[in-house]
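Here is the structure we will look at.
Values in this text are rule-based calculations from the coordinates and carry no lab data. Computed from a predicted model, the values in this text were never measured in an experiment. As a convention, Cβ positions derive from the backbone with ideal geometry for all residues, glycine included, and neighbour counts pool all protein chains shown.
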Amino acid sequence: MRTQEEFPSEDDDFDRPSKSQLKRDMLELQDLGEDLLTLPASRIDPLNLPEILADAIKAAKKITAHEGRRRQMQYIGKLMRRVDPEPLREAVAAFKLGHAKDSLALHQSEAWRERLLKDDAALQSFIQEHEGIDVQQLRSLVRAARKDAALEPEKRSGRAYRDLFQFIKTEQLRVNPKEAASDPDEEAADE
């Protein structure tokens, strides 16, 4: 007959994470490392990463070979085990949120441009929503963009269309500056 000492205690098996959990945690850190690669240097520097991790991230941005990049990401995941990941997650989330807000603002500006080109009532609506707007310039830009759109595709310059978009985007930022999460390193596209 076996005694209690000969059987392993059930509690001994559960005092540490399973191999599967360790692997999930490691892969999560690697994914966070991938997200860190999308951040510009101006966002990484304030995180006060250990020098070895910051150098590994800079090196990974330069690696183009698939296998080399995969191995570098594994290395970054290993280095990240020694760092608190929460501030890094917050930095990545803030950066992504900023891009989402920028993208939303651009889509809203594009929608306004389309509405202004199609309907005169939209012009009055835009003027009411944006107090202090240069009405004469807006009307001039809308008129020029409509005239350009009426031309044959080969003869269109597109300049008036772009200028109208830039005017709308500027007005949106002027009226709603808190919605504009701009990043000095990133330039918004024209369209």
For the range 101-179, whose charge dipole is built from +1 on Lys and Arg Cβ atoms and -1 on Asp and Glu Cβ atoms, the candidate among GLN108, ILE127, GLN137 with its Cα farthest towards the positive end is GLN137
Would you please classify the overall shape of the range 101-179 from the alpha carbon gyration tensor, given that a ≥ b ≥ c denote the square roots of the eigenvalues, rounded means a/c under 1.5, and beyond that prolate means a/b larger than b/c while oblate covers the rest?
prolate
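How long is the gain from LYS96 to ILE63 if the chain were fully straight, where each residue apart is worth 0.36 nm and the alpha carbon distance is subtracted?
Details: separation 33, 0.36 × 33 = 11.88 nm, distance 2.30 nm.
Net length gain for the segment: 9.6 nm.
Indicate the gyration tensor shape class of the range 17-83 (rounded, prolate or oblate), computed on the Cα atoms with a ≥ b ≥ c the square roots of the eigenvalues: a/c under 1.5 is rounded; otherwise a/b larger than b/c is prolate and the rest oblate. Each step should come with its number before you reach the end.
Details: a/c = 2.18, a/b = 1.36, b/c = 1.60.
Judged from the Cα gyration tensor, the range 17-83 comes out oblate (a/c at least 1.5, b/c at or above a/b).
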Got a sec to turn the phi values of the range 51-63 into Karplus ³J(HN,Hα) couplings, 6.51 cos²θ - 1.76 cosθ + 1.60 with θ = phi - 60°, whole Hz, x for Gly and Pro?
4, 5, 6, 4, 5, 5, 5, 4, 5, 5, 5, 8, 7
Treating only the Cβ atoms of Lys and Arg (+1) and Asp and Glu (-1) as charged, compute the dipole magnitude of the range 101-179 about its Cα centre; round to the nearest 20 debye.
200
Grab the beta carbon distance between ASP55 and ALA111, set R0 = 41 Å, and tell me the FRET efficiency rounded to 0.05.
0.40
